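Presented below is the structure to which this report refers.
The numbers here are math on the coordinates, done by the rules we state, and not lab data. Since we're looking at a predicted model, the values are computed, not measured. Ideal geometry is used to build each Cβ from the backbone, glycine not excepted, and the neighbour counts take in all protein chains shown.
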Amino acid sequence: MGKPIMAQAEHHRTEAAGKVAPLKRAERDLVALGILVAAIFLFVGTGSTVLTGIARSWIYGVGSPDVLLTNALILNIALLIFGWRRYAELQTEIAERRKAEENATRLARTDALTGCLNRRSLDDAVARLVDEAAESGEAVAVMMIDLDKFKRSNDLLGHKAGDSVLIETARRIEALMPSRSVVARLGGDEFICAVIFAPDSETAIERLAVRINDGLAEPIICGGLRAEVTASIGIAVGARSAERAASEVAQDLLHRADLAMYQAKRRGRNRFAWFEPTMEKELRFRSELEQGIRDGLKRGEFVPYYEKQIDLETGEITGFEMLARWISPRHGMVNPDVFIPVAEEIGLIAELSEALITIALEDAKAWDASLTLSVNISPLQLRDPWFAQRLLKMLVAANFPPTRLEIEITETCLHENIAVVRSLITSLKNQGIRISLDDFGTGYSSLAQLRTLPFDRIKIDRSFVSSLARSAESASIVEAISSLGRGMALPITAEGVESAEVLSALRRFGHFKGQGYLYGQPASADEVKRELAELGLLGPQPQDDSASEPPSARIA
Ligand code: C2E
Ligand code: CA
Ligand code: CA
C-alpha cells in the first residue's frame with residue numbers, strides 16, 4: 001500500500017516543480033535578453049562617438065578620446081559578451097529541459113519492459129490510427145494477443161526467463177507489423193496491435209494473424225532455457241463514421257477484440273478468432289446471469305430437488321441426492337449445469353451450496369432415519385480448509401446425524417492440492433460422513449489416484465449407464481468399473497438408469513445402487529414428502545407447525 005502513495009507524492013512534487021520552473025526560467029530569459037538588448041543600444045549610442053574619437057586621435061593625432069566614454073565602451077563590450085553568453089547558456093538549458101521532458105513523456109507512454117506502448121497511451125494511439133485511416137477511406141483492425149499458458153512457463157522457467165519471453169514476443173510482433181500500426185503491451189502477457197488496412201481485405205488481416213501465431217509459436221531460447229508459448233488472437237475491425245468519433249470506435253474495437261480473444265482461447269488456443277456480434281449477446285446474457293444469481297441467492301430462489309437412490313437388488317429407496325434448482329422469475333426453472341459453473345466463477349458457490357444444504361438437512365430430517373442424503377460439493381469448496389468445520393456446524397445446528405450424510409465429489413478434485421483434499425476428507429470421514437466419487441469414468445483419474453483418497457463409493461457416470469443396453473463399449477466400461485469396485489471393495493452406484501433393459505443389464509454385473517429417470521424425475525421437497533408418506537417412510541414428525549409452512553417461506 002505504501003508504494004502507490006509514495007509514487008503519488010513524487011508525482012505531486014514534480015508537478016509543483018514543473019509549475020514554478022518555467023516562470024523562473026522566463027524571468028531569467030527576459031533579464032538576459034534585456035541586458036543584451038540594453039548593451040546593444042548602449043554600444044550603438046556610445047560606440048560611434050568613442051570610436052570616431054579614437055580613430056581621429058590615431059590617424060590625425062588630433063585630441064585624445066574621452067576616457068570616461070572609452071571606459072563605458074569597454075564595459076559595454078564586456079556586457080555584450082556576458083549577455084550573449086548568458087543568453088546562449090539559457091538556450092542550451094531550455095533545450096536540455098525539453099529533451100528531459102520529452103523523455104519523461106515517452107517513458108510514461110511506454111512499457112518499461114518491452115518498449116511497446118503501454119495501456120495508458122493505447123486508447124489515444126488507436127484513436128489516432130482510426131482518424132488517420134478515415135482520412136484515406138481505410139479501416140483499422142485491432143488484434144488482442146494473449147499468450148497461452150504463459151503463467152505456467154513463467155513458474156517453470158523463472159521470472160527472468162518470463163521477462164525475456166515477453167521482450168522477445170514484443171520484438172516478434174513488432175517485426176511483423178506494417179508501417180502504419182501500433183503495438184502495445186497491456187501488462188501481463190497481453191499485447192494489442194492495431195493496423196490500418198484497406199476495407200474488405202480481411203484475408204490480409206488473417207494472413208497477418210497467422211504469421212503472428214506462427215511467429216510466436218517458434219520456441220524462444222533464453223539463458224539456455226527453451227520456452228514454448230503460443231498465442232490466442234482476437235480480431236475486430238472498424239472505421240470512423242459520421243456518427244461515431246474515433247475514440248468511441250477505438251474503445252469498441254479494443255473491447256470486441258478482447259471478446260474474440262476469449263473465443264479463440266475457448267476454441268483451443270494457438271489460433272485467432274474474429275469478433276462476432278453473438279459474442280456481445282453472450283456477454284450480456286452472462287452478466288445478466290451473474291446478476292440474477294446474486295439477486296436470486298438473496299431472495300432465496302435456489303431450492304433443492306431430490307432424486308431417488310435405489311437398491312437395485314431390492315428396489316427399495318435408500319436415500320436421495322440433492323440437486324440444485326434455480327426458480328428464476330425471469331428464466332423459469334434453471335438446471336445446475338447452467339448456474340453452478342457461473343456461481344463457481346463469481347465466487348458464490350460456497351454460499352449457494354451451504355444455503356441449499358441447510359434447507360436439505362431440514363427436509364431430510366422429516367424422512368425415515370434409514371434414508372440418506374447425498375449432496376454435491378464443488379472442487380472449489382474443497383480448497384477451503386474450513387469447509388469441514390462449517391459442514392459439521394451445519395449438521396449440529398440442524399441436529400442431523402452425520403452418518404446419514406454423503407458428499408459427492410468429482411474426479412476434478414484429484415487434480416487439486418491432494419494433501420488439502422485428503423485432510424479434509426479424512427476429517428469428514430472421522431465424523432461419520434461418507435464420500436462418493438461422482439461421474440466416475442469421465443475424468444482421467446487412474447487407479448493409483450483413485451487409491452490416494454479413501455472413498456466410500458464410486459458412481460458410474462450416467463453417459464455409460466444410459467447407453468449400456470445399446471453400446472458394447474459402454475457395457476465393457478461398466479463391467480470394468482464393477483470389477484474394479486469389487487477388487488477395491490468399493491460399493492457402486494449407477495447413475496442414469498432410464499429403462500428396464502439397463503436395469504436388468506446392471507443386475508447381471510453385480511449388486512449396485514442406482515438412480516435415474518426409470519424411478520422418476522428429481523422432485524421438490526413437498527413431492528418427496530408426499531411420496532414417502534405413502535410408502536410409510538416418514539420419520540417421527542415434529543410437534544411444532546414449522547414443517548407445514550409453505551415452501552416459499554421455508555426457502556427464504
Ligand atoms: P450429477 O451429480 O451427475 O447429477 C445427476 C444429474 O443427472 C442430474 O442433473 C439429474 O437430473 C440427471 N439425471 C438423473 N437421472 C437421469 C437419467 O436417467 N438420465 C439422464 N440423462 N439424466 C439423469 P442435474 O440436476 O441437471 O445436475 C447436473 C449436475 O449439476 C449434477 O450432476 C451435479 O454435478 C451438479 N450439481 C447439482 N446440484 C449441485 C449442487 O448443489 N452443488 C454442486 N456443486 N453441483 C451440483
Ligand atoms: Ca452427483
Ligand atoms: Ca454424477
Tensor-based shape of region 119-276 (alpha-carbon gyration tensor, a/c under 1.5 rounded, otherwise prolate or oblate): prolate
Simple spin-label estimate for V210 and S423 in nanometres, 7 Å along Cα-Cβ: 5.3 nm
Eligible lysines near K281 by straight Cα distance, threshold 20 Å, same-chain separation 8 or greater: K265
Rg/Rh for region 301-535, where both radii come from Cα atoms and Rh is the Kirkwood radius: 0.94
Computed label-point distance, nm, for sites I346 and K151 using a 7 Å Cα→Cβ extension: 2.1 nm
Helix 246-266 axis, angle to the chain major axis (alpha carbon atoms, nearest 10°): 40 degrees
D131-I40 pseudo-label distance in nm [points 7 Å out on the Cα-to-Cβ vector]: 3.8 nm
Cα-based shape type of region 274-416, given that a ≥ b ≥ c are square roots of the gyration tensor eigenvalues and the cut on a/c is 1.5: prolate
Folded to 0 to 90 degrees: helix 387-398 orientation relative to the chain principal axis, Cα: 50 degrees
Modelled FRET efficiency - R0 51 Å, A472 with L113, Cβ distances, 0.05 increments: 0.35
Size of electric dipole in the chain: Cβ of Lys, Arg +1 and of Asp, Glu -1, about Cα centre, debye, nearest 20: 2120 debye
Kirkwood-type radius of region 36-89, with distances r between different C-alpha atoms, in Å: 11.7 Å
Folded to 0 to 90 degrees: helix 159-176 orientation relative to the chain principal axis, Cα: 70 degrees
Only Lys, Arg (+1) and Asp, Glu (-1) charged, at Cβ; region 264-358 dipole about Cα centre in debye: 740 debye
Contact order normalised by residue count of the chain, Cα under 8 Å, 6+ apart, percent: 9 percent
Share of pairwise Cα separations in region 253-323, more than 21 Å, in percent: 57 percent
Sequence-distant lysines (8 or more away, or on other chains) whose Cα lies within less than 23 Å of K513: K308, K365, K429, K459, K529
All lysines inside 24 Å of K160 as judged from Cα atoms, apart from same-chain residues fewer than 8 positions distant: K3, K149, K151
Relative compactness, the chain, computed as alpha-carbon Rg over 2.2 N^0.38 Å: 1.61
Ratio of Rg to Rh over region 221-347 (Cα coordinates, Kirkwood Rh, two decimals): 1.20
